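The values are calculated or read from the model by the stated rules, or taken from the named source; none is laboratory data. Keep in mind that what you see is a predicted model, and the values were worked out from it rather than measured. Here the Cβ positions follow ideal geometry from the backbone for every residue, glycine too, while neighbour counts run over all protein chains shown.
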Amino acid sequence: MGKIDPRKILVIDDEPSLREGARRILSRMDFEVFLAPRGEDGLSIIEQEPVAIVLLDMKMPGMDGMEVLKRVMALERGILVIVITGYATVETAIEAMQRGAYNFIPKPYQPDQLRIAVSRAREKLELAIETKRLQEERKRTLEDLHTEQSRTLTIIESLPNGVIVTNSDGKVVLINPACYRYLEIAPQKEPGDITLDEIFNNQELCSLILDISKGRYIDYADIPAHEIELNNKKFFMVRCRPVLGEKKECLGAVVNVVDISTMKALDQVKSEFVAKVSHELRSPLSTIHEQLNMVMMANAGENKDGNEEEKYMLSRAKEKTRALISTIGDLLDLSRIEAGMSAKEPKPVQIDELLKNIGDFLNARAISKNQTLTVTTPQPPFPAIIADPMAIESVFGNIISNAINYTQEGGQIDVSCDLAGNNIRVKVKDNGFGIDAKYMDKIFERFYRVKNEKTRFITGTGLGLPIVKGIVDSMNGYINVESELNKGTTFTVLLPLKKNPMGIM
């Protein structure tokens, strides 16, 4: 018998007058009272009735009160034992409490003493039972979603996006019709009969959903989205969030599945168009650039004191064509990255050595602005990562160049690297102009450049950071930016030590 009833109480005492006196007092308190003259008789009653409170005399013939207490506690049914004794010392009462007794009263006791002790025990039991009921009710709220006939269920089932709900154990308790259709789940399968692994076949995503369901994911505001692809070339964006109770406790997770196949197709068309146009423009622009160079050299040879305005216009034309060629080169690089193509075969790359080389190359630019550029690498060197050296050089070359460009004269740029788990972590920190918080979500967009009074004279295509993010993403890495206006910016890049499964960059 597992459950107990707070209205049922047992008195175990070898003195008939005390048993009867307790029965009269407790009956007036609306208890159903059971009486036992010996410990063995009391244990038999407990086995048959859902007794919640036991009044236990410590000294009885046969089995003594301490042994009865031990056996009651071993049942683990949540029974509260109030010890009643007239001979015991304080030490004996303390021992009983240490063995699990809820309270004790001396013998002989006053009726009010008994009423107060028993009333407190009943209140404690009722509170515990109500707490457990509420917890089970919250749990059922999610588990019964798929059978509930309510407006909430109707809304979920009519949503165009897929919705999956799990409980706090990570068990699937609801799948809406859109999700059945999107992920090709057999319609005869009920939510409770299918696991996350069967739905997604993506261990990383399943682990994330399980962690969220069990309340292990601390930062709810930064839960990553996952892009998955089915065998039929369908693409879906999967986002997960916790389901929180009234006290912000985690009851499970809700998973939103959005079909992005059309968007992916449009992106591919756009990328192919940009790549084709860029490729067609690069050749004539290069020719124009070379011809302008030849004209300028010829003019310089024929007439050193020629028209200054002419020289200026030719110089500006050459500068603009060079900028356009650079932009086209960046666009072609970006298109190759988005297509999952690498310029060269991946090979071992020593990040620390590569950072030193980039630092040495760009130091001249930093010195020209009276800046200090320091590169701190670990001893001994890190293990090599498998990547395209040109791609890695592009990542850190772009980030360090940006730090130099967007830091005032006399500023400081610090480059450092260390190990973070199974990743190499590189930080590029400057004390430059910084980025306003309202622009932070745009800095990885194509052609976007932060422009203000301090940066409007800085030239660039606005493609450097999109290229950096594309390369880092293709390596299954991570890039983060922290910045404060007029105080500086820190770029953090994590690159996995193990070779990425796609074998690209």
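Of the strands (runs of 3 or more DSSP E) contained entirely in the stretch 1-108, those carrying at least 2 residues that are assigned by TED's automatic domain parsing to the domain that holds ARG120 and over 22 Å from LYS124 (Cβ atoms) fall at 32-36.
Here is the figure for the stretch 55-100: residues that are more than 21 Å from ARG7 (Cβ to Cβ), within 54 Å of the chain's Cα centre (by Cα) and not charged (D, E, K, R) total 15.
Being at pLDDT 75 or above, farther than 19 Å from VAL172 by Cα and either buried (at least 16 other Cβ atoms within 10 Å of the Cβ) or not assigned by TED's automatic domain parsing to the domain that holds ILE156 (or both) holds for only one residue in PHE235, PHE273, PHE200, and it is PHE235. Among the residues of the stretch 157-206, the one identified as in a strand (DSSP E or B) and over 21 Å from TYR217 (Cβ atoms) is ILE175. Quick one: in the stretch 378-399, which of the residues that are touching a Pro at 6+ places or on another chain (Cβ under 6 Å) and part of a strand (DSSP E or B) is surrounded by the fewest Cβ atoms within 10 Å (Cβ to Cβ)? Ranking the candidates gives ILE386 first.
Residue selection: ASP211 satisfies the criterion of being at pLDDT 85 or above and more than 21 Å from GLU229 (Cα to Cα).
Residues in the stretch 400-438 that are in a loop (DSSP other than H, G, I, E, B) and among the β-branched types (Val, Ile, Thr): THR407, ILE435. Scan the stretch 161-181 for residues that are within 22 Å of ILE260 (Cβ to Cβ) and either at pLDDT below 85 or buried (at least 18 other Cβ atoms within 10 Å of the Cβ) (or both) and the total you get is 8.
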